[in-house]
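**Student:** First the structure, which I've put down as structure tokens, then a few questions once you've had a look.
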Amino acid sequence: MITAKKSKCFSQLFYFYLNNYLLKRHFQSIVVEGEVDPLHKGPVIYIANHSSWWDGLLLFYMTHQQSKRHHYIMMDEVGLNKYPFFRKIGAFSINRDQPKEVVKSLRYSEQLIKQGNSLWLFPQGEIQNQEIRPLQFKTGIGYLLERFEQVTIKPVTFYYAFGEAQKPIVSIRIGDPFLVEGTSKSRKRWTSYTQRLIEKQADAQRKEVITNLHFDHLPRQYQLMKQSKSTSDRFHNWKEGVRKWTPFS
């Protein structure tokens with residue numbers, strides 16, 4: 001497996017790149033509901049649905065901006081070999097085609113958590129369309145949970161939507177933390193439990209997005225990124241400016 005090799009300097013530069021160029025180029029806005037860090041100390045496992053290549057970049061952007069914890073993320077080995085710089089922001093690999101390598105990655109994850117770090121998992125194991133139901137989780141999340149007397153679970157869901165703007169809007173919902181006794185359930189039961197947890201949250205989030213055209217302005221949410229202007233926005237502003245300065249209009 002490929003271990004993480006975090007770099008504070010690279011993380012700062014990469015955040016600057018995301019904040020000032022890449023995300024504004026592709027998204028109208030990014031809104032978040034919920035707090036990233038739980039109030040109490042102790043190990044935290046964040047579990048999230050996985051419907052886009054952007055998920056990993058967005059969670060890095062969000063945690064770098066909003067969290068005081070050290071975050072790591074499990075990433076498919078093919079992807080990490082393709083983008084090795086992700087190691088510098090906390091990514092490590094898993095190769096699901098080789099059972100021995102899967103065990104190595106899970107043990108590495110366990111070690112990171114015991115050291116007080118926060119771990120991000122996409123238990124689906126691969127990118128799937130955000131509308132697919134039911135979700136299908138791999139058992140790695142159950143393997144980890146059953147190894148801890150107490151551990152906090154934080155459910156996180158991503159939803160990508162188009163509205164009146166030219167570019168899409170990202171909705172990120174962070175659920176309340178669950179302090180659980182990991183040893184109280186089997187791997188299979190924990191996998192099923194977390195799958196239902198994420199699915200329920202994702203369904204509620206989807207319903208809110210599709211029934212509120214301006215869901216990104218709901219009061220309990222905050223903007224993670226300053227709203228980006230699209231080509232259509234600039235054209236509209238230009239027309240308004242011309243109209244104001246045109247006599248007899």
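**Student:** Find all pairs meeting these conditions: Cβ atoms under 8 angstrom apart; at least six residues apart or on different chains; first residue within segment 81-108 and closer than 16 Å to residue 126 by Cα and of a type in the set (Lys, Arg); second residue open to solvent by 50 Å² or more (accessible area, probe 1.4 Å) and part of a helix (DSSP H, G or I).
**Tutor:** none
**Student:** In addition: Being touching a Pro at 6+ places or on another chain (Cβ under 6 Å) and either assigned to a loop (DSSP other than H, G, I, E, B) or crowded, with 20+ Cβ neighbours inside 10 Å (or both) narrows it down to one residue among 138, 68; which is it?
**Tutor:** Numbers: 68 fails: touching a Pro at 6+ places or on another chain (Cβ under 6 Å).
Just a single option satisfies the conditions, and that option is 138.
**Student:** Out of all the residues in segment 79-125, which are of a type in the set (Phe, Trp, Tyr) and not in a helix (DSSP H, G or I)? Reasoning before the result, please.
**Tutor:** Just the residues of segment 79-125 that are of a type in the set (Phe, Trp, Tyr), to begin with: 83, 85-86, 92, 108, 120, 122.
Of everything in segment 79-125, those that are of a type in the set (Phe, Trp, Tyr) and not in a helix (DSSP H, G or I) turn out to be 83, 92, 120, 122.
**Student:** State yes or no: is residue 132 surrounded by fewer than 16 Cβ atoms within 10 Å (Cβ to Cβ), more than 20 Å from residue 102 (Cα to Cα) and within 18 Å of the chain's Cα centre (by Cα)? Spell out the reasoning first.
**Tutor:** Details: surrounded by fewer than 16 Cβ atoms within 10 Å (Cβ to Cβ): yes; more than 20 Å from residue 102 (Cα to Cα): yes; within 18 Å of the chain's Cα centre (by Cα): yes.
For residue 132, the condition - surrounded by fewer than 16 Cβ atoms within 10 Å (Cβ to Cβ), more than 20 Å from residue 102 (Cα to Cα) and within 18 Å of the chain's Cα centre (by Cα) - is met.
**Student:** Going by the structure shown, is residue 62 under 20 Å from the mean Cα position of the chain (by Cα), buried (at least 17 other Cβ atoms within 10 Å of the Cβ) and part of a helix (DSSP H, G or I)? If you could, list the steps in order and put the result at the bottom.
**Tutor:** On the way: under 20 Å from the mean Cα position of the chain (by Cα): yes; buried (at least 17 other Cβ atoms within 10 Å of the Cβ): yes; part of a helix (DSSP H, G or I): yes.
The answer is yes for residue 62.
**Student:** Tell me which residues, restricted to segment 78-94, are surrounded by 14 or more Cβ atoms within 10 Å (Cβ to Cβ) and either among the aromatic types (Phe, Trp, Tyr) or at pLDDT below 95 (or both).
**Tutor:** Filtering segment 78-94 down to residues surrounded by 14 or more Cβ atoms within 10 Å (Cβ to Cβ) leaves 79-80, 86-94.
If the condition is that a residue be surrounded by 14 or more Cβ atoms within 10 Å (Cβ to Cβ) and either among the aromatic types (Phe, Trp, Tyr) or at pLDDT below 95 (or both), then 79, 86, 92 are the ones that fit.
**Student:** Next up: Condition first: modelled with pLDDT of 90 or more and either of a type in the set (Ser, Thr, Tyr) or surrounded by fewer than 15 Cβ atoms within 10 Å (Cβ to Cβ) (or both). Now tell me which residues in segment 221-232 satisfy that.
**Tutor:** Scanning segment 221-232 gives 222, 223.
**Student:** Within segment 1-34, can you find the residues that are within 13 Å of the chain's Cα centre (by Cα) and on the phi < 0 side of the Ramachandran plot?
**Tutor:** 30, 31, 32, 33
**Student:** Also, I was wondering about something else. Scan segment 1-49 residue by residue and report those that are open to solvent by less than 30 Å² (accessible area, probe 1.4 Å) and under 14 Å from residue 121 (Cα atoms).
**Tutor:** 44, 45, 46, 47, 48, 49
The values are calculated or read from the model by the stated rules, or taken from the named source; none is laboratory data. Given the structure is predicted, the values throughout are model-derived calculations rather than measurements. All Cβ positions, even for glycine, are placed from backbone atoms using ideal geometry, and neighbour counts span all protein chains on display. These area figures cover heavy atoms from the full protein model, side chains too; ligands, DNA and RNA do not enter into them. Shrake-Rupley method; radii C 1.70, N 1.55, O 1.52, S 1.80 Å.
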